[in-house]
Structure formats: C-alpha cells, structure tokens
1. Return the only residue of A:Ala235, A:Ala241, A:Ala271, A:Ala275 being in contact with a Leu (Cβ under 8 Å, 6 or more places away or on another chain) and at pLDDT below 90.
2. Sort through A:Leu91, A:Leu54, A:Leu42 and tell me the only one that's closer than 18 Å to A:Met291 by Cα, in contact with a Lys or Arg (Cβ under 9 Å, 6 or more places away or on another chain) and surrounded by fewer than 18 Cβ atoms within 10 Å (Cβ to Cβ).
3. Considering only residues that are of a type in the set (Val, Ile, Thr) and in a loop (DSSP other than H, G, I, E, B), which ones fall in the stretch A:193-214?
4. Given the options A:Ile226, A:Ile190, name the one that is assigned to a helix (DSSP H, G or I) and either acidic (Asp, Glu) or within 26 Å of A:Ser283 (Cβ to Cβ) (or both).
5. Scanning for something within 18 Å of the chain's Cα centre (by Cα), small (Gly, Ala, Ser), within 12 Å of another protein chain (Cβ to nearest Cβ) and farther than 30 Å from B:Gln284 by Cβ, does the stretch B:117-140 turn up at least one residue?
6. Which of the residues spanning the stretch A:244-257 are free of Cβ contacts under 8 Å to residues at least 40 places away in the same chain and within 12 Å of chain B (Cβ to nearest Cβ)?
7. Name the helices (runs of 4 or more DSSP H) wholly inside the stretch B:192-297 in which the number of residues that are closer than 23 Å to B:Leu182 by Cβ and in contact (Cβ under 8 Å) with a residue 12 or more places away in the chain is 1 or more.
8. Looking for something within 13 Å of chain A (Cβ to nearest Cβ), within 21 Å of A:Leu292 (Cβ to Cβ) and of a type outside the set (A, V, I, L, M, F, W, C) - is there at least one such residue anywhere in the stretch B:160-180?
Amino acid sequence: MSIQVEAPHGVSQAKPAIERARASAGAQVLLACARFVRRKPLGALGAVIVVALLVMAVFAERLAPYDYDESIRGARMKPPSAAHWLGTDNLSRDMWSRIVYGARVSVTVGVATVGLAVLLATAVGVSSGYFGGVYDLIVQRVVDAWLSFPYLVIVLSVMAVLGPGLLNVVLSLAVIIAAVNSRVIRGATIGVTQTTYVEAARALGCGHRRIILRHILPNVAATVIILATIGLGTAILAESALSFLGFGVPPPYPAWGAMLSGSGRTYMFRAPWMAIWPGVAISLAVFGFNMLGDALRDVLDPRLRGAR
Amino acid sequence: MLRRYLAKRLLVAVPSLLIASLIVFTLPRLIPGDVVVLMLAEKAYAKDIDELRAKLGLDRPLPVQYVEWLGKVARGDLGESLWTKRPVVEEIGQRLPITSELALLGLAVALIIAIPVGVISAARQDTIADYVARSVAILGLSVPAFWLATLLIVLPAIWWGWRPVTGFVEFSRDPIGHVAQLLLPAAILGIAVGAALMRLTRGMLLEVLRQDYVRTAWAKGLGERVILMKHALRNAVIPVVTLLGTQLPQIIGGTVIIETVFGLPGMSRFLFDAINQRDYPVIQGVNLVVVSLIVLVNLAVDALYAVLDPRIRY
C-alpha cells in the first residue's frame, strides 16, 4: 500500500521535483543498461543484434537499395560486390534487399506468435497454478498431450488442414509455444501463490481477481518477459523451417527460410551466396534473441537459471 | 513401492494419450468447408463424393467416428493410404526403422557433445572456456538444421570438390555404407539437441557442485577429477538422462527436415509427403504412432528415473 503525501503549495512547486525524479529515472535506466553491458557482455551483444533486426524490419524501405522483387538488368547470379553487397539471385534480385525485407516477415511472425502465445500461456498457466484442483489436473493433461507432439509434426499437420499463409503459421506456432510456456508460468504461479503476502491478501478479504491482478501477475512478469524473449527466437526459427518446407509466407515475399529452399538449393553450387546469407540472417536473429533471453533470465530471475 | 509409482504414472499417461488421440483424430476434420469435396477436387481419390465419404467414415456422427477409429487403432488398423492404397501400418513399419536409427544416432551425437562440454563448462565456470562453450551452445540452438545441412553439402563441394553420395543404401545390401550415410544427417540432428543438453548438464552440475557432500569431498582432500566424475557428475547426469525424454519430440521434429533434405525414406519424410498430398489416414496414423512412442518413452524414462535415483519418493 502506498502512502500519499499532500503537496500544500499547489502543483507548480511539485513540478521541479517531478522533473528531477524523471531525470534521475532516465539516468537510472542508463546506469542499469551500463551495468547490464558490463555484467552480461554476451547479452548486450544479443540486444544489439535484436535492435538491428528491428530497425531492418521497420525501415526496410530505406535500408534496402532495391525492392524485394525488383529484377536488375544484367545482374543474374552475380557474386557479392560493392554494387550488390550480398550478390544477386537467379531472378536478378538484390540479395541484401531481400534479406532486409525478410527481416520484416521474421519479426512480424515472431512478435505476433509470441504475443498470442504469451497471452494464452499466461491465462492458462496462471489460472491453472492459482486455482489448482481438478481444473489444474484436466488442463495439465491437455498440455501434456500437446507437449508430446513434435512441434514441427503438429504444425505441419495443422498447416495441411489450414493451408499455408502468414496467419496460419502464427496461429499454429502460437498454440505450441503457449503450451510449453504455460507449464513454466504455472510453476512460477504456484510458487507465488504459496507466499505469505498472497495469504495475507486473502486474509484481508481480497477476491481472486484482485489477488491475480495485483499480486500474482506482477510477480510472474519477469518469467513471462524471459519466456517471450526466448520464444521470439524459437518462433523465428520455426517460421524459417516452415517456410523452407513450403508452408510459410507465399512467394514472391521474401521469407528467409523460403529463400533457402527452391532456387536457393537448386543453384547452391553455382551461386553459393544464395544458400548462405539467408541462413546467416536466421542464425544471427535467433542467436540475438537467445543471448538476450539468457542474460535477462540471469538478471531478472535467478531461479530459472539453467532451465530450458 | 516402485510398482505403485509406475502404475500411477501409467494412469496419468493414459488420459494424455487419449487426449492426444482426440487431437490427432480432430485435426483433419477442422478443415474449413468439406474435406471430401476438396480432396476430390485436388486428387482423384475416389469415383464420387459419397463413395469417398463412406470410405473415410465421414457419413456418421463424430463421436461414433472417434470410437470406431479408436477401436480400429486398438486392433492395429490405421486404415489405408489414399495415395498408395496400402495399409498405413505396413507403410509406417517399413519406414519407422530408418527414422528410429536416425533419431538414436542423433541422440548419441548429442550426448557425446553435451556431457563433456557441459562438465568442462561447469567446472570452469565464468572462464573463457565456459563463455566459448555457452556461446557455441546458443549458436547451436540458433542455426537452422536445414541450413547447416545445405552448408555441409555446399562448402566441401566448393572447397574440395567433394559431394556426399545421394540415394539410399539399404542395411541388408551394405551395412557399413548404410550407417555411414546416416552419420552426417545424425550429426546435424544431434547438434541442436546436444546444445540444449549441454546447457542442462552445466546447470545441473553447477547446482550439485554447491552441495554439502561435494564440499565434504573437497575437505577430505580428494582430487578435482574424482570429485567431478564420481561425486558430482553421477548425480547431475540423472536428471539430464531423464530429460532426454523431453528432447525426443524435438529430435523427431528434426527428422522431418533432415529426411527431406537428405532424401532419406523414413517415416517423417513419409508424413511430409502425405501432408503435401493431403493423405489424411497417413497423417493421422503417423501422428498417432509418433505421439504414442513419445508418451511411452517418457514413461520408460520416468521408470528409469525412479530406478536410478533412490531419493525419489514414490
């Protein structure tokens, strides 16, 4: 419970204090960042990669010298050069431009999937962990069943039913990632539910809704943030696998995974850059999220260390 | 006591398996619009709509269909492929050994990487060796298997003009060639799992190394090697081995990619082709076999856990 302090001389005098507090809050964030970089250099590297990926996705039009499906005359399968940093493909398209636009697919699928997955996982995990009993037992058996499917097998089967496409990729991946994450969130919720402050809140007569919103959720937030960061890497990797197998975003929009199948494989001996750069992009992006997630886990939630 | 624990685990596994079977059964029926019309439009599976509907048993109520299907499954009948017209069980039986072989070899590769690197990483926590091992492990988790496979095919070809042999060699025809052709795919399959297991080994070992009995061992004046190998690793490895069970879905998922890239005629490749051809009895059958295998292996692993670790409470 917070203590309210009354300002006797009106709002104008309180203003500098608020600004000072704001400035110091800004400085504190900077300081925290500096500490993070010093303590977790690999995590900071991950953060840099993640920021670069986001910039590529948002500012693709400005960063890419060509459009993603623009054929450049007389530039068929040219090796990397000053004019085409990463070379060109069999349809004379600039690889760098396609990779920049591809970041947009990866980030869109990643964010949408993880957003949906986290919502689902938190709802299922928190309710299951908090209420327990028969409800928990039944929900956990369903989660067990989902977890015993290899994700690629179940996602491909779902895609066979729904057909390829961005939305279907997001939906099917989100359900799988949610199942895995809900287990972890349930565990964290059970831990928080057993603390004395939740007991105290219950003794004070708080309802379930208030306890969940004010006490449980803020305390499992760190776990959720970590799961989301690692989930982004997982989602991007899974999307690339689906695109590679031909179940992702339909061409000509460039998904990194799709760039590695089809023409990427057909011409891999004649134009190896076509089969190399998209893979580098996927690996770097996933590596960035994993590194950042790992470091966040160590900083935010020491209990989860070593788990995965 | 042990028997009661196992019985309890078996009881928990049964509903999971039933729910999984329900998921497997429902999936093809989730399709928007009429499956039958769509199938007829895509491929000539049958003469007319009614024939196909009756063949798939789609002309009866859903619960009836489910119970009937379960009854058939219990008798070992998974229907027949719409594409090859052969029993699904027979088709799977032919391909399952290749996938199992690949998965087991992949698992072996994973363990060979994971345990030693995990031990070194934990014993030398926060040194350069630890940082390198952890970074490489995260890299291993980040690199897509299909790309790694492509690189391992392309780069040797460019550098040394060496290309891997294509075409599948049967075990009965050439046992050595058969295993040799699986080594590269298994290694790629094992890398991601090995990376995950290495992180687990490291985490578990770090926890064990902080235990009192390890401190006692140090106080007794034992050497580092004895403490690491005899006191710490033995205890740390138990949960790692049991967590192999949870890695199984990942390995089998990985075989879908590996078998497709390397053209191996395994069960996962069969599933992938069936998905492309919308061969629903095959999709259902393979899914059911895979999920049952995973549940059974996890059950076996749980039993192993109880046997290996005398501290476990039944």
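1. On inspection, the qualifying residue turns out to be A:Ala275.
2. The conditions single out A:Leu42.
3. If the condition is that a residue be of a type in the set (Val, Ile, Thr) and in a loop (DSSP other than H, G, I, E, B), then A:Thr195 is the only one that fits.
4. Values: A:Ile190 fails: either acidic (Asp, Glu) or within 26 Å of A:Ser283 (Cβ to Cβ) (or both).
Checking each option against the conditions leaves just A:Ile226.
5. If we filter the stretch B:117-140 for residues that are within 18 Å of the chain's Cα centre (by Cα), which is where we start, we get B:140.
Among the residues that remain, those that are also small (Gly, Ala, Ser) are: B:140.
Still in the list and also within 12 Å of another protein chain (Cβ to nearest Cβ): B:140.
Narrowing the set further to residues that are farther than 30 Å from B:Gln284 by Cβ leaves B:140.
Yes, there is a match, as at least one residue in the stretch B:117-140 is within 18 Å of the chain's Cα centre (by Cα), small (Gly, Ala, Ser), within 12 Å of another protein chain (Cβ to nearest Cβ) and farther than 30 Å from B:Gln284 by Cβ.
6. Result: A:Phe244, A:Gly257.
7. Passing ranges, in order: B:234-262, B:267-277.
8. There is no residue in the stretch B:160-180 that is within 13 Å of chain A (Cβ to nearest Cβ), within 21 Å of A:Leu292 (Cβ to Cβ) and of a type outside the set (A, V, I, L, M, F, W, C).
The values are calculated or read from the model by the stated rules, or taken from the named source; none is laboratory data. Fair warning: this is a prediction, and the values are worked out from it, not measured in the lab. Don't worry about glycine lacking a Cβ; one is built from the backbone with ideal geometry, like all the others, and counts go over all protein chains shown.
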